[in-house]
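A short write-up of the structure that comes next.
The values are calculated or read from the model by the stated rules, or taken from the named source; none is laboratory data. A quick note: this is a predicted structure, and the numbers were derived from the prediction, not measured. No Cβ is skipped: glycine too gets one built from the backbone with ideal geometry, and neighbour counts run over all protein chains shown.
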Amino acid sequence: MGNFNNDLKISRKDAKTQRFAAQKIIRKLMKFNILFFFVLSACSGQESFERREIAIDTGAGRVTIMAELAVTDAQREQGLMHRTELKDGNGMLFIFERDQILSFWMMNTLIPLSIAYIASDGRILEIYDMEPGNLNPVRSSRSARYALEVPQNWFSRAGVGIGDRLLLEGF
């Protein structure tokens, strides 16, 4: 039979070693979780957008809108997804490298929007309303260079229509 006190010392030593090993594993997991959080945040797709005031010549005067610019593929893919509001006088201007038939849908978009398809010279070609979450594509019928998304019916409230021109100096 072993000595009870010696067995107890060994058990305490083993417990201390195990506790130290567990603490070491926990510290490593915490470091991994912190690193994982930063990597996940960087990859979350939350793009930042440059904002620019854009004037629209309506023929009856000028209207301005504060637009976020979606220039990169990642910005265009994110668009206005997951937003819970978009105030009148604000929107997002999608800028493409060349004229093409454009197509938008409302996946993960929570607010009703209107979209204008715009020619390379800034002329508004078409305007459509889009409903939150609707996965049916809204295509331009003609090639366009830009698309401007705004709160639904903002174009009519602001007196902006087909044929009006965005002043796109510097784009």
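Brief remarks on what is shown
- Meets criteria (in contact (Cβ under 8 Å) with a residue 24 or more places away in the chain, touching a Leu at 6+ places or on another chain (Cβ under 7 Å) and surrounded by fewer than 16 Cβ atoms within 10 Å (Cβ to Cβ)) for Met81: no
- Residue within segment 104-127 that is over 23 Å from Phe49 (Cα atoms), part of a loop (DSSP other than H, G, I, E, B), at pLDDT 95 or above and of a type in the set (Gly, Ala, Ser) present: no
- Selection over segment 128-150 of residues that are assigned to a strand (DSSP E or B) and more than 16 Å from Phe94 (Cβ to Cβ) gives a count of 1.
- The residues of segment 130-160 that are closer than 19 Å to Ala60 by Cβ and hydroxyl-bearing (Ser, Thr, Tyr) amount to a single one, Ser156.
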